[in-house]
Amino acid sequence: MTVKNPHILSETHTYSEPELILLLKRGEETAYGYLYDQYGPALYGVILHVVRQQEMAEDILQEVFLKIYRNIDHYETSKGRLYTWMLHIARNSAIDTVRSTKFRDLKKIQPLENTVNTTADNNASSIPAIDHIGLDKIISALGEDHRKIIELAYFQGYTQEEVSRELDIPLGTVKTRVRSALIQIRKLLNIS
């Protein structure tokens, strides 16, 4: 990892991961600045991919760096690279947000069309608009039962157990309908 020393602007210093970790564990403020500069964009991309809302992703990224700061002493090099550890924190934080009641309540009041269009508008620079790839037409071609399950499971982050409770149908029925919906989507997309 190459980072510039803020005290010597013309000099570039390469830190090994163990050196950076040592600086982080010492609470060196400049090390956290480097960490944010080096890994922030990648972690933000992962978070945005999960939550699909730019402002929320920015908030979660800040929370992730706070968690890293608070938990760096628990990081163990024997269990994996620093980036992998931070990536798990970012992904889990984003998923926790998606699964939170507040987030789910906000998503429930929007029909699929509004959710898809809002997502595409908010993230036009990072992911293609759903309208451009025709996914909204594919999903709308599904029957109501299948469409609702796909909406909850894939667009709102519900587990199959949560879909079962939300729609008040047996878990086995949810699993069967998800499988059936995915088969229908494959046929509509001409995927074998």
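The values are calculated or read from the model by the stated rules, or taken from the named source; none is laboratory data. Quick caveat, the model's predicted, so the values are computed rather than measured. Virtual Cβ from ideal backbone geometry, glycine too; neighbours counted across all protein chains shown.
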Tally time: how many residues in region 156-175 are more than 25 Å from Leu48 (Cα to Cα) and among the polar types (S, T, N, Q)?
2
Residues in region 23-45 that are of a type in the set (D, E, K, R) and free of Cβ contacts under 8 Å to residues at least 12 places away in the same chain total 3
For region 82-105, check the following and say yes or no: at least one residue is assigned to a loop (DSSP other than H, G, I, E, B) and either modelled with pLDDT of 95 or more or surrounded by fewer than 16 Cβ atoms within 10 Å (Cβ to Cβ) (or both).
yes
State whether one or more residues within region 130-153 are modelled with pLDDT of 85 or more, over 24 Å from Gln54 (Cβ atoms) and in contact with an Asp or Glu (Cβ under 8 Å, 6 or more places away or on another chain).
no
Considering residues of region 1-30 that are in a helix (DSSP H, G or I) and modelled with pLDDT of 90 or more only, the residue surrounded by the fewest Cβ atoms within 10 Å (Cβ to Cβ):
Pro18
State whether the residues of region 43-56 include one that is surrounded by 18 or more Cβ atoms within 10 Å (Cβ to Cβ) and over 23 Å from Val98 (Cα atoms).
no
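Would you call Ile72 surrounded by 17 or more Cβ atoms within 10 Å (Cβ to Cβ), modelled with pLDDT of 85 or more and aliphatic (A, V, I, L, M)?
Considered against the rule, which asks whether it is surrounded by 17 or more Cβ atoms within 10 Å (Cβ to Cβ), modelled with pLDDT of 85 or more and aliphatic (A, V, I, L, M), Ile72 comes out as yes.
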